[in-house]
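Working notes for the structure below.
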Amino acid sequence: MKDAWKRTTVYQIYPKSFFDSNGDGYGDIKGIMKKLDYLEELGIGAIWLTPMYYSPQVDNGYDISDYNEIDPMFGTKEELLELFTESHRRDIRIIMDIVVNHTSTEHKWFKKAFMEHDEKYRNFYIVKEGGNGDVPNNWKSFFGGSAWENIEGENSCYLHLFAKEQADLNWECEQLRKEVIMMMQEWIKLGVDGFRLDVINLISKDPDFPNDLNPYGIEGKQYYIRGPRIHEYLQELNREVFSPYEALTVGETMSASIEDAMLYTDPSRKELDMIFSMDHLEVDYKNGDRWTVQETDFVKLKHILSSWQLKLEEVNGWNSLFWSNHDQPRAVSRFGNKGDYRIVSAKMLATMMHMLKGTPYIYQGEEFGMLDPGYETIEEYQDIESLHVYRERTESGIPQDIVMKGIRRQSRDNARSPMQWNGEEYAGFTKGTPWMIMGKRYQEINAETDRKDPNGIFHHYQKLIELRKEEDLVSEGSYWPLDDDHPYVWCYARVKDKEALLIIGNFYQSSVEYHLPDEFCECYDIEEVLLSNYENTMPVDGALVLREYECIIYKGKHKEG
Ligand code: TEU
């Protein structure tokens, strides 16, 4: 990991739902600009902007029709460049979301390929003979149906792993790779400091496109989640774009294993700085099915996060640390407490994640404990994936209330309801009509109310961000799992030279008597509490009673000095 980024906390903005400056109901660039002071006060060092490129918005901007232009719904390219300048003035760097596994079918490449029949561009996409029911293989789209769509007027079809309006690009084509490289270099020249690379592990497909007889998750997936040329492509991007410009890179890699991550992030291989793995967020999926919810398997959660910490350290790799993003439900609704313990549980979750080794990502609204919006009926949802899941499952005969239970819990719209800035109409997000229905409890849960409270969640995040900047143990210390099998408490240490941090969190709504792990106490004396979410006491004879969702960061010194 590049030294310059090691102490940075990243803030993810979903522009459509962040802040609307012109009253059209959609968040925009000027809106982001107006909130830069707020972000500076929080202390973050970088913003990740989810896509604002030209797009028909079939998948909220992940269907790009022009990589070089900004969709008018967000403003202009000039405004975006001004946002870069204003952010840089505040020492906030910019990470752009790059979606190069697929383009929108409105992209000029797609149009040239299939409407103007230009061979060069046809080769930019994955085209096979067949169509109209007679498809090349049984691969499925994540958003429903076959992954193949017929090309109008032909007996051939193109691959789309997501919506049919999101056509997969053919990375085997050298000219396509050149175009992508040029486009990314262009953005760097305009001031971008890093990239979040959407589903980047899917860009290399098995060239035989086999039928998937034993699907791993969804039909086809095993043939593209770690395709034969993936490392070669990443190394090419690294050589041409990332290394020369010292750009930070975080690859979104669905279903990547730790072993994959070790390869992607080992600095000597020159691929990516870090990846987003969703492994730890699958602990409430029943039998691996996201839409059938089960109680969180807490011990499994700890084991997963611990093994990622340990394994990536082996290769000098780097972790991305997050509970939430625009595809996931709100962390407090999911792993914390929506009632009386909302504030303490939000602080506990933040503490346990932020004290790990890696780069923390905060998703907009998380810094004051936003909850899922509480939509009830399917009509309230907009996300293409939720609507597809609803249709597919109800049609297959699953009772509607069971389907809705899964959607209420896991829908991506949980993250996408507009930011709750204050208690005014539409939570101060817009003066018009918001594009999505507001969260139910915005009068009580909003940035303004929380920030006024000295014990609020925002101030706790500020302290965590500050600790990462100030304390070498947080940015550099090795991870030491302790008590990994405890059913209620997560306890780990970060150690470096003769010092250690001991981080303890009670994940449950009941108090727990807790004895600090012997192996830690034998080596270290606890000297002070750096941060906690209750008025705190020091352990007596190595023991303490942890209150509901209590978390504590202790600092200790090695007994031998
Ligand atoms: O997401 C891909 C991904 O890994 C999933 O979490 C996705 O949200 C979906 O649930 C798969 O079933 C990325 C983006 O983050 C997402 O918003 C886009 O819809 C998707 O890629 C396609 O570009």
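Run down Val315, Val332, Val344 and say which single residue is more than 16 Å from the ligand (Cβ to nearest atom), surrounded by fewer than 19 Cβ atoms within 10 Å (Cβ to Cβ) and of a type in the set (A, V, I, L, M, F, W, C).
Val315
In segment 68-83, the count of residues that are small (Gly, Ala, Ser) and either buried (at least 23 other Cβ atoms within 10 Å of the Cβ) or modelled with pLDDT under 95 (or both) is zero.
Taken over segment 389-440, the criterion of being in a helix (DSSP H, G or I) and more than 20 Å from Trp291 (Cβ to Cβ) is satisfied by Glu425, Tyr426, Ala427, Gly428. Restricting attention to segment 85-96, does a residue exist that is within 16 Å of the ligand (Cβ to nearest atom) and out of contact with any helix residue (DSSP H, G or I) (no Cβ under 8 Å at 6 or more places or on another chain)? Yes, the conditions are met somewhere in segment 85-96. Across segment 260-312, the number of residues qualifying as in a helix (DSSP H, G or I) and without any contact (Cβ under 8 Å) to a residue 12 or more places away in the chain comes to 1. Taken residue by residue, segment 353-368 has at least one member that is in a strand (DSSP E or B), β-branched (Val, Ile, Thr) and surrounded by 22 or more Cβ atoms within 10 Å (Cβ to Cβ). Does Gln166 satisfy the condition of being within 16 Å of the ligand (Cβ to nearest atom) and of a type outside the set (A, V, I, L, M)? Yes, satisfied. Looking only at segment 242-286, which residues are closer than 25 Å to Leu349 by Cβ, among the hydroxyl-bearing types (Ser, Thr, Tyr) and away from the ligand (no atom under 16 Å from the Cβ)? Within segment 242-286, Thr265 is the sole residue that qualifies.
Say whether the condition of being surrounded by fewer than 16 Cβ atoms within 10 Å (Cβ to Cβ) and either in contact with a Leu (Cβ under 8 Å, 6 or more places away or on another chain) or β-branched (Val, Ile, Thr) (or both) is met by at least one residue in segment 260-280. Checked segment 260-280: no residue is surrounded by fewer than 16 Cβ atoms within 10 Å (Cβ to Cβ) and either in contact with a Leu (Cβ under 8 Å, 6 or more places away or on another chain) or β-branched (Val, Ile, Thr) (or both).
Please list, ordered by first then second residue, the pairs with beta carbon atoms under 6 Å, 6 or more apart or interchain, first in segment 140-157 and among the basic types (Lys, Arg), second in a loop (DSSP other than H, G, I, E, B). Cβ pairs passing all conditions: Lys140/Ala147; Lys140/Ile218; Lys140/Glu219. Would you confirm whether any residue within segment 126-135 is in contact (Cβ under 8 Å) with a residue 60 or more places away in the chain, in contact with a Phe, Trp or Tyr (Cβ under 8 Å, 6 or more places away or on another chain) and of a type in the set (Gly, Ala, Ser)? For segment 126-135, residues in contact (Cβ under 8 Å) with a residue 60 or more places away in the chain, in contact with a Phe, Trp or Tyr (Cβ under 8 Å, 6 or more places away or on another chain) and of a type in the set (Gly, Ala, Ser): absent.
Of the numbered criteria (1) among the acidic types (Asp, Glu); (2) touching a residue at least 24 places away in the same chain (Cβ under 8 Å); (3) in contact with a strand residue (DSSP E or B) (Cβ under 6 Å, 6 or more places away or on another chain), the one Glu186 fails is (3). Number of residues in segment 35-84 that are within 16 Å of the ligand (Cβ to nearest atom) and either closer than 26 Å to Leu464 by Cα or among the β-branched types (Val, Ile, Thr) (or both) equals 5. Residues in segment 114-126 include at least one that is within 25 Å of Trp148 (Cβ to Cβ), assigned to a strand (DSSP E or B), touching a Leu at 6+ places or on another chain (Cβ under 7 Å) and within 16 Å of the ligand (Cβ to nearest atom).
Is it the case, given these coordinates, that Val344 is within 21 Å of Asn422 (Cα to Cα) and not in a loop (DSSP other than H, G, I, E, B)? Answer is yes for this residue. Can Tyr361 be described as within 16 Å of the ligand (Cβ to nearest atom), more than 19 Å from the chain's Cα centre (by Cα) and not β-branched (Val, Ile, Thr)? Considered against the rule, which asks whether it is within 16 Å of the ligand (Cβ to nearest atom), more than 19 Å from the chain's Cα centre (by Cα) and not β-branched (Val, Ile, Thr), Tyr361 comes out as no.
Restricting segment 25-40 to residues that are among the charged types (D, E, K, R) and in contact with a Ser or Thr (Cβ under 8 Å, 6 or more places away or on another chain), the residue that is surrounded by the fewest Cβ atoms within 10 Å (Cβ to Cβ) is Lys34. When you check Asp485 against the structure, is it among the charged types (D, E, K, R), farther than 22 Å from Tyr341 by Cβ and free of Cβ contacts under 8 Å to residues at least 60 places away in the same chain, yes or no? No, not satisfied.
Screening the candidates Asp372, Asp383, Asp289, Asp297 for the property of being surrounded by fewer than 21 Cβ atoms within 10 Å (Cβ to Cβ), among the charged types (D, E, K, R) and either under 17 Å from the mean Cα position of the chain (by Cα) or more than 16 Å from the ligand (Cβ to nearest atom) (or both) yields one hit, Asp297.
Taking residues in segment 330-348 that are at positive phi, and partners anywhere that are crowded, with 22+ Cβ neighbours inside 10 Å and at pLDDT 95 or above, not one pair has Cβ atoms closer than 7 Å while being at least 6 places apart or on different chains. Considering each residue of segment 88-95 in turn, none proves to be free of Cβ contacts under 8 Å to residues at least 24 places away in the same chain, of a type in the set (Asp, Glu) and surrounded by fewer than 20 Cβ atoms within 10 Å (Cβ to Cβ).
One residue is enough: does segment 11-22 have a residue meeting the conditions within 22 Å of the chain's Cα centre (by Cα), more than 16 Å from the ligand (Cβ to nearest atom) and not charged (D, E, K, R)? Scanning segment 11-22, I find at least one residue that is within 22 Å of the chain's Cα centre (by Cα), more than 16 Å from the ligand (Cβ to nearest atom) and not charged (D, E, K, R), so the answer is yes.
The values are calculated or read from the model by the stated rules, or taken from the named source; none is laboratory data. In this text the structure is predicted, and so the values were computed from the model without any measurement. For neighbour counting, all protein chains shown are included, and Cβ atoms are generated from backbone atoms with ideal geometry for every residue, glycine included.
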